[in-house]
Structure formats: C-alpha cells, structure tokens
1. What residue, among those in region 49-98 that are small (Gly, Ala, Ser), outside any helix (DSSP H, G or I) and surrounded by fewer than 14 Cβ atoms within 10 Å (Cβ to Cβ), is nearest to the chain's Cα centre (by Cα)?
2. Those residues that are farther than 17 Å from THR120 by Cα and either buried (at least 24 other Cβ atoms within 10 Å of the Cβ) or touching a helix residue (DSSP H, G or I) at 6+ places or on another chain (Cβ under 8 Å) (or both), I need them from region 233-249; list them, please.
3. Tell me which residues, restricted to region 244-281, are more than 22 Å from the chain's Cα centre (by Cα) and not charged (D, E, K, R).
4. Cβ-Cβ distance below 6 Å, separation of 6 or more or different chains: which pairs start in region 266-290 with a residue that is at negative phi and end on one that is of a type in the set (A, V, I, L, M, F, W, C) and part of a loop (DSSP other than H, G, I, E, B)?
5. Is there a residue in region 119-139 that is more than 11 Å from the chain's Cα centre (by Cα), among the small types (Gly, Ala, Ser), over 16 Å from GLY65 (Cα atoms) and modelled with pLDDT of 95 or more?
6. Scanning region 308-324 for residues that are charged (D, E, K, R) and under 12 Å from PHE180 (Cα atoms), which turns out surrounded by the fewest Cβ atoms within 10 Å (Cβ to Cβ)?
7. Keeping to region 157-205, report how many residues are acidic (Asp, Glu), under 22 Å from GLY93 (Cβ atoms) and surrounded by fewer than 24 Cβ atoms within 10 Å (Cβ to Cβ).
8. Considering only region 35-44, state which residues are in a loop (DSSP other than H, G, I, E, B) and either surrounded by 13 or more Cβ atoms within 10 Å (Cβ to Cβ) or free of Cβ contacts under 8 Å to residues at least 12 places away in the same chain (or both).
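The values are calculated or read from the model by the stated rules, or taken from the named source; none is laboratory data. Being a predicted model, the structure only gives us computed values, none of them experimental. As a convention, Cβ positions derive from the backbone with ideal geometry for all residues, glycine included, and neighbour counts pool all protein chains shown.
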Amino acid sequence: MITVTVPLGDRAYDVLVGPGARHHLAEVVPVAAERAAVVTQANVGVAVDPGIEHRVFLMPDGEEGKTLETVESLCRDFARFGLTRADVVVAVGGGVVTDTAGFAAAVYHRGVPVIHVSTTLLGQVDAAIGGKTGVNLPEGKNLVGAFWQPTAVLCDTEVLEALPPEEYRSGLGEMAKYHFLTGDELMDLPLEERVARCVEIKAQVVAGDEREGGRRALLNYGHTLAHALETAGRYGLRHGEAVGIGLVYAAELARLMGRIDGARVVEHRKVVAGYDLPTSLPEGVDTDELVALMRRDKKAMGGLTFVLDGPGGPEVVRGVPESLVREALESLR
C-alpha cells in the first residue's frame, strides 16, 4: 500500500493507493463516528464495511444524478437515518459520487466528515483528491459546490480491473493532463505507482492553493472546452475523452496566440493519441453553443479564460479574443 499525504496543516489527510485499499476503511473512520452513511450508485457494485452502524443510500446512475435535487434527497436521507455532525459520510464510486456526496456532506449540518472510496481511474488520479465538491446546473458543469476536504481517500487499484475499457480510458485523460503539467512519463510506471504519482502532483498543488485562487487552476488544463462539450450533452463523450480533445484544443489556441510553436502542438496530439483518446471534435458540433458555454466556465473572469501552455508551462490566460477561440475550434474539426 502506498500512502500519500495531502499536507493541509491540521486538516491533512492520507490517500491510500493499492490493491485492497477499500478494506482499510474501518481504520480511517473518525473515532467519534457512530454511524456511516454510505453513498454509492447501483452500477458501482463495490461493497465496503466502515466497521460501525451504516446504511447504504443509492443516488442516480450517471452524470444525470449530479444535481441539487440529488443533494437534497441525500441530506433528507441522512436526517431520517439520524446522522449527526460527529458521524461520517462514505462516498463509494467515481467522480460523480464523490463530487455529489462530498457536497452533501459539506452542507449537511454545515459539514460532516467524508471519506472517499474511489472506484474509477478518473476518480483516483483526480476527482476524489483535493476537496472540490459540486453538482451541475443545466447551464454548466460544477457551477454549485463547496471546498470540503475528506478525512481520507482510499484508491483501490484492484477494482479498476473490472472497469469497462471506455471508463478506464476516461481516466487516462486526466493522466495526459498531468503529463503536460509535469513532463512525467506516467505510462512507464506500474499502475499503483502511476496513480500515486498523480495523487502526489495534485496534493502538492492543492497544498499551495487549496481554494483555486492561483496555481490550482492549472489542474483545469484542457477542461474549458471539455466541460462545454459535456454540458452540450449530445456528443457521447466521457469526461477523459473530452479532456483529451480539450488538451489538443488548448495547444492549438496557444499556438494561434504565439505562446507555443507547431512542434509543441504536435507533441500534444501525439501524447493524447498515445493515451487512446480523441484529438478532434465530434461531428456536427455547434461553434456558437460551445463558445457560449465556455464563457460560463467557472474560472472565466475578464472574458473568455483558458489554461494555456507557454514558454514557462501552462498558465491561466484571461481575455482571450473570441476570433481566436473560434479559429482554434475550426482547426479541430
């Protein structure tokens, strides 16, 4: 078992990475907790034992369940169960579950402890780490949420063996992102070490900028277009696939702005394709719709805002001209 600490002072917590990590749940449950509300989805199929009285609450499957209505339903379930501020919420699933259950834990009784048992590659390398919780609105992804750090995160690599290939590939989109943030050749590492290295990278960024006031925004590299494609909702893309397209798009946009050269764009395309991810837009995308959705991105301040590569690496760039945003979209058709 590999242990990575997210160093946040008196709120620091450990992330356990390795086969069978879920079986360590009872060891990380807060001592004062008498009840655990286990939140999961029917299609997750991973059983856990927190070692105390517990009840399982199912939220809807898929991204469609990541809503304020689900949060209200969970909080009412918690109240009927008798969950107190001293108890604990255990989120078992991928990013949809940890984002939604984490937000419910943040607002129920103004905050109860939460533990994430991440069951997808995407969740283990990104979504379950760092305390960002939230749900979607029809107008955009993750527009309502809170920063609420977990008590612990368990990344059980054993459960990844049962993931459908397309779900596993979705997690590779976040790994490709980390490649460009650090230059690490993550695919050369064994799975446990690869996941742990991603956790280390994110833990370092979160420790320096917990509430995304600066450097943490870099973790959204490739996500501005990705979220727009997901919010549009009719292109059949999983999150990591959309991020792959978003990474190539960000590179093309950076080239148009004179921040990088063509060789760096080719490198983006090569790395993303090497992770078996798409590098071009789906057929029939609506440019006007995508531009409008990117304007609503949660980091957008001072006009269209992107994380773009440059001489010193990726950084947040505000006020990007719409003409170049559209031109870069055309280059990906």
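1. Only one residue tops the list, namely GLY62.
2. TYR235, GLY244, ILE245, GLY246, LEU247, VAL248, TYR249
3. LEU253, ALA254, LEU256, MET257, GLY258, ILE260, GLY262, ALA263, VAL265, VAL266
4. Between residues of region 266-290 that are at negative phi and residues that are of a type in the set (A, V, I, L, M, F, W, C) and part of a loop (DSSP other than H, G, I, E, B), the close pairs are SER280/LEU332; LEU281/LEU332.
5. So far as region 119-139 goes, no, none of its residues is more than 11 Å from the chain's Cα centre (by Cα), among the small types (Gly, Ala, Ser), over 16 Å from GLY65 (Cα atoms) and modelled with pLDDT of 95 or more.
6. Looking at residues that are charged (D, E, K, R) and under 12 Å from PHE180 (Cα atoms), I get GLU315.
7. Adding up the residues that qualify gives 5.
8. Scanning region 35-44 gives GLN41, VAL44.
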